[in-house]
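This report concerns only the one structure given below.
The values are calculated or read from the model by the stated rules, or taken from the named source; none is laboratory data. Nothing here was measured: the structure is a model prediction, and the numbers come from that model. A quick note on method: Cβ atoms are made from the backbone with ideal geometry, for glycine too, and the neighbour counts reach across all protein chains shown. Just so you know, the surface numbers come from the protein's heavy atoms only, side chains and all, with ligands and any DNA or RNA stripped out. Shrake-Rupley method; radii C 1.70, N 1.55, O 1.52, S 1.80 Å.
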Amino acid sequence: MDRSESERWAERRRPFDRMESKVVRLWLERPEEEARPALDALRYVLSFARLTVVRAEDGRDVDLSGPLALHAKQIRELLEPRVDKASGLWAAARDLPDLIRRTRLARTSVLEHLPVDRESLEQEVTTRVLAVASGGGGGAGYVYPGVYDRLERGGLTPTVMSGTSIGSLMSMFRARRRRYDPAPLVAAARRLSWKGIFQVLETANRYGMPATLRLRLRTALGPLFQDEDGQPMTLRQCEIPLIVVVTGITVDALKHDLSWYEHLLDDDVRRSGVAAGVKGSIKALSVLREFLGRPDALRCLPLGWEPGTEDFDVLDAAGFSSSVPGVLHYDLLRDDPHMHRILDHLYAEHGITRLGEGGLTSNVPARIVWEAVQTGRFGRRNVFVLALDCFAPNPRRLAWYPMQQLVRASNVDADRRFSDLYLPMSKTLSPMNLVPSIRDAMTAMRWGREEIEPHMPYINLMCDPIPVLPDGG
């Protein structure tokens with residue numbers, strides 16, 4: 001889906017998503033049982049009006065956007081002003097009889113004149129898939145497993161996930177199995193050490209942006225991400241489809257030769273250790289500004305959705321997504337013809353010279369996962385997008401605040417418009433705490449559960465099936 005098509009579908013669907021969110025929140029403010037039928041009817045009216053494409057029982061996609069364009073326009077004009085001003089659900093539902101009448105007439109017309117069956121139509125209107133987008137932010141991302149755990153306990157299994165940087169690393173632990181078990185992540189956290197996962201050494205670079213610190217994901221996590229035959233797990237093999245965002249860097253984006261990035265923090269690491277100190281952070285921020293200042297020279301590459309990348313190695317995808325130019329380097333230097341073919345094709349197709357940190361182009365990949373659902377890849381297009389941001393600007397963390405603001409302005413603000421709930425995580429570990437102690441990791445997971453808890457009634461209700469609007473008498 002190209003951006004023009006994405007904008008067209010968003011213009012049609014997102015206003016109805018926002019109205020449904022508002023009426024659900026109005027009901028949650030005063031959850032009166034006598035008002036529940038009105039809520040259900042309003043949700044059906046809104047969900048029917050946002051229909052664009054429905055997959056029929058024979059597998060064909062039937063485009064309803066044209067035939068329903070006038071109906072959608074009328075429903076929006078009637079309901080949007082009322083919902084925006086309503087202080088309660090009854091005020092929003094004042095014109096409900098007329099809205100129901102119009103919706104029934106439109107539904108009858110669709111079923112009589114278009115090749116779509118009633119069951120497929122109602123499934124698209126009444127059921128919603130859950131998509132979870134997890135953003136980048138270094139060690140701050142250890143809150144995410146707590147969110148995944150609370151969703152699982154609430155009976156919510158994502159249909160698809162997307163992740164950037166630490167968000168991709170945490171997401172791959174969730175996506176590997178439909179039933180969530182945090183034990184493998186906890187076991188991995190017990191084994192991880194700075195020396196085991198990071199190294200400062202001279203090495204070749206072929207696909208990844210050079211940097212001072214080398215990220216050794218396969219050494220640390222390889223045994224956890226293997227298939228039944230002992231082969232590396234691919235994105236296709238995740239039981240929950242996973243999209244990992246990386247950035248393709250063109251030659252035009254490079255202001256220095258590659259060796260400059262490779263040795264950017266050498267002196268700082270020798271002087272201050274792997275954390276690189278304040279001077280190192282300032283250098284990293286300057287490099288980030290350089291790349292974000294040239295968005296035209298960067299390519300957002302959603303691995304697992306981009307054609308030809310479905311069989312990308314999971315650990316390689318997360319490694320490239322986490323490789324911050326000049327700071328962390330990840331590469332594929334082993335003898336792996338399958339992965340080399342995928343990468344070589346990717347480089348030729350997009351005219352890139354290196355892969356790097358996904359956050360340069362989409363740090364909270366809500367739009368990417370929304371677009372993926374709208375292509376029909378997962379059957380239904382009715383989606384609730386939960387966007388998790390562990391790197392949201394936090395004035396209490398002054399050292400990180402400028403970088404957080406820069407990233408938000410560069411791409412997060414635009415992407416979060418495609419989320420139904422954007423959750424900036426207020427309590428996190430330091431972004432530099434990439435290998436936390438087990439105690440810190442467990443504390444971060446608890447913070448994640450606490451952060452999502454107040455939003456669970458809203459998420460559950462938004463993801464609850466909508467009762468079918470009965471035919472009129």
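Find the residue count for the stretch 69-108, including only residues that are among the polar types (S, T, N, Q) and under 22 Å from Trp9 (Cβ atoms).
The total comes to 2.
Please determine, by comparing only the residues of the stretch 416-473 that are of a type in the set (Gly, Ala, Ser) and open to solvent by 20 Å² or more (accessible area, probe 1.4 Å), which one is nearest to Leu328 (Cα to Cα).
Looking at residues that are of a type in the set (Gly, Ala, Ser) and open to solvent by 20 Å² or more (accessible area, probe 1.4 Å), I get Ser430.
Criterion first (at pLDDT 85 or above, closer than 30 Å to Glu349 by Cα and open to solvent by less than 20 Å² (accessible area, probe 1.4 Å)) does Thr212 satisfy it?
No: the conditions fail for Thr212.
Specify which of the listed residues (Glu152, Glu122) is open to solvent by 20 Å² or more (accessible area, probe 1.4 Å), in contact (Cβ under 8 Å) with a residue 24 or more places away in the chain and not β-branched (Val, Ile, Thr).
Glu152
Are any of the residues in the stretch 181-188 touching a residue at least 40 places away in the same chain (Cβ under 8 Å), open to solvent by less than 20 Å² (accessible area, probe 1.4 Å) and assigned to a helix (DSSP H, G or I)?
yes
Could you please give the count of residues in the stretch 331-349 that are open to solvent by 10 Å² or more (accessible area, probe 1.4 Å) and either touching a Ser or Thr at 6+ places or on another chain (Cβ under 8 Å) or of a type in the set (Gly, Ala, Ser) (or both)?
The number of residues fulfilling the criteria is 5.
Condition first: under 16 Å from Ser321 (Cβ atoms) and in contact (Cβ under 8 Å) with a residue 60 or more places away in the chain. Now tell me which residues in the stretch 215-231 satisfy that.
Leu215, Leu217, Arg218, Leu221, Phe225
Name the residues in the stretch 291-310 that are touching a Ser or Thr at 6+ places or on another chain (Cβ under 8 Å) and either among the hydroxyl-bearing types (Ser, Thr, Tyr) or exposed (fewer than 15 other Cβ atoms within 10 Å of the Cβ) (or both), would you?
Result: Pro295, single match.
Which one is nearest to the chain's Cα centre (by Cα) among residues in the stretch 116-153 that are farther than 20 Å from Tyr458 by Cα and of a type in the set (S, T, N, Q)?
Filtering first and then ranking leaves Gln123.
Only residues that are open to solvent by 70 Å² or more (accessible area, probe 1.4 Å), not in a helix (DSSP H, G or I) and not basic (Lys, Arg): list them for the stretch 85-95, please.
Selection gives Ser87 alone.
Within the stretch 304-358, can you find the residues that are small (Gly, Ala, Ser), in contact with a helix residue (DSSP H, G or I) (Cβ under 8 Å, 6 or more places away or on another chain) and part of a helix (DSSP H, G or I)?
Ala317, Ala318, Gly319, Ser321, Gly358, listed by residue number.
Filter the stretch 159-180 down to the residues that are of a type outside the set (A, V, I, L, M, F, W, C), out of contact with any Phe, Trp or Tyr (no Cβ under 8 Å at 6 or more places or on another chain) and surrounded by 14 or more Cβ atoms within 10 Å (Cβ to Cβ), then identify the one that is nearest to Met462 (Cα to Cα).
Here the answer is Ser162.
Working only within the stretch 373-415, note down all residues that are in contact with a helix residue (DSSP H, G or I) (Cβ under 9 Å, 6 or more places away or on another chain), in contact (Cβ under 8 Å) with a residue 24 or more places away in the chain, surrounded by fewer than 17 Cβ atoms within 10 Å (Cβ to Cβ) and among the small types (Gly, Ala, Ser).
Gly379, Ala399, Ala414
When the residues of the stretch 256-302 are filtered to those that are of a type in the set (Lys, Arg) and at pLDDT 70 or above, which remaining residue is farthest from Thr203 (Cα to Cα)?
Ranking the qualifying residues of the stretch 256-302, first place goes to Arg294.
Can you find, within the stretch 350-362, the residue that is nearest to the chain's Cα centre (by Cα) among those that are among the polar types (S, T, N, Q) and open to solvent by 10 Å² or more (accessible area, probe 1.4 Å)?
Thr361
Would you confirm whether any residue within the stretch 37-44 is under 27 Å from Val373 (Cα atoms) and either under 27 Å from the mean Cα position of the chain (by Cα) or assigned to a loop (DSSP other than H, G, I, E, B) (or both)?
So far as the stretch 37-44 goes, yes, one or more of its residues are under 27 Å from Val373 (Cα atoms) and either under 27 Å from the mean Cα position of the chain (by Cα) or assigned to a loop (DSSP other than H, G, I, E, B) (or both).
Which residue out of Arg12, Arg30, Arg82, Arg50 is open to solvent by 20 Å² or more (accessible area, probe 1.4 Å) and within 24 Å of the chain's Cα centre (by Cα)?
Answer to the selection: Arg12.
If you go through the stretch 216-250, how many residues are closer than 17 Å to Leu343 by Cα and open to solvent by 40 Å² or more (accessible area, probe 1.4 Å)?
2
Restricting to helices (runs of 4 or more DSSP H) lying wholly in the stretch 359-450: which have 1 or more residues that are of a type in the set (Gly, Ala, Ser)?
366-374, 413-416
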